[in-house]
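Since every read-out is calculated from the coordinates, none of them should be taken as a lab result. Not measured: the values here are computed from a predicted model. Heads up, the Cβs are rebuilt from the backbone with ideal geometry, glycines too, and the neighbour counts pull from every protein chain shown.
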Amino acid sequence: MSETPIAVRVTALEMTAPPKQTLPRPVNIQTAVLRVPEITPAYYRFLYMQVGRRWHWTERLRLDDDALAALLLDKRNDVTVLYVNGAPAGFFELRQEDDGVVELSHFGLMAHALGHGLGKWFLLQALLAGWSLSPSKMTVTTNTLDHPRALQLYQRFGFSPVSTRDAEIVPLTDQEWFELARRL
């Protein structure tokens, strides 16, 4: 049984200078932001599912272990995990393109980390990490299934829309979810 595709509007954004904002670390919680240079497919899938399930992230979940491992171990790819009070709470992923561009390919928080003032602060950490690679620009893509304020937040930090297009997201089938659960 296949799932019905969901129509989305995709917006591509770019920024050509580092953000000027500074934000204090959120108070009354312990945070750690740790780069994971050799993340395993199983841990990555856990993060990806916990962050992206409500936003219908599917692309990486459909990759087999070998394809996902190759992508994750590619030196141009970089995954960083946010921990809050000792537990994983979100992640961001940067991809260095051949033309000197750094893409913020994935960014998000898990449900338990929402509402603590972490989103803006963590996005700033992602952008600072991206700009530390000295790119000519940074890019990000969002769509209408993302958090309702995602586009606004990206623009607040200095991204500008450069294009939009219509697309379809095909949700995972029950069988695909079952297969994923077996692999974890």
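The stretch between Thr16 and Asp74 holds 18.4 nm of extra length on full extension. This uses 0.36 nm per residue minus the Cα-Cα distance. Note that the range 5-14 has calculated 3J(HN,Hα) couplings of x, 10, 6, 9, 10, 9, 10, 9, 10, 9 Hz, one per residue in order, obtained from phi through the Karplus relation 6.51 cos²θ - 1.76 cosθ + 1.60 (θ = phi - 60°); glycine and proline are x. Over the chain, with a Gaussian network built from C-alpha contacts below 10 Å, which listed residue (Phe157, Phe107, Phe92) shows the highest mean-square fluctuation? Fluctuation is largest for Phe157.
Label-to-label distance for Glu3 and Ser134 is 4.2 nm, based on points extended 7 Å past Cα in the beta-carbon direction. By its C-alpha gyration tensor, with a ≥ b ≥ c as the square roots of the eigenvalues, how is the range 1-120 shaped: rounded for a/c under 1.5, else prolate for a/b larger than b/c, else oblate? Here the range 1-120 falls in the rounded category. Springs between alpha-carbon pairs under 10 angstrom, Gaussian network model over the chain: which of Leu34, Leu47, Leu172 fluctuates most? Checking each option, the largest mean-square fluctuation is seen for Leu34. Taking 7 Å steps out from each Cα toward its Cβ at Asn28 and Thr144 produces label points 3.8 nm apart. Given the options Gly115, Gly158, Gly90, state which has the largest fluctuation in a GNM of the chain using a 10 Å cut-off (strictly under) for Cα springs. Taking springs between Cα atoms under 10 Å, the residue moving most is Gly115.
Please give the FRET efficiency for Phe46 paired with Asn85, using the beta carbon to beta carbon distance and R0 = 25 Å, rounded to the nearest 0.05. The computed FRET efficiency comes out at 0.90.
Decide, for the range 29-89, between rounded, prolate and oblate: order the square roots of the alpha carbon gyration tensor eigenvalues as a ≥ b ≥ c, take rounded if a/c falls under 1.5, and otherwise choose prolate if a/b is larger than b/c, else oblate.
Numbers: a/c = 2.53, a/b = 1.35, b/c = 1.87.
Note, shape of the range 29-89 comes out oblate.
If you take the square roots of the eigenvalues of the alpha-carbon gyration tensor of the range 38-184 and sort them as a ≥ b ≥ c, do you get rounded (a/c under 1.5), prolate (a/b over b/c) or oblate?
On the way: a/c = 1.35, a/b = 1.29, b/c = 1.05.
Rounded is the answer for the range 38-184, as its axis ratio a/c remains below 1.5.
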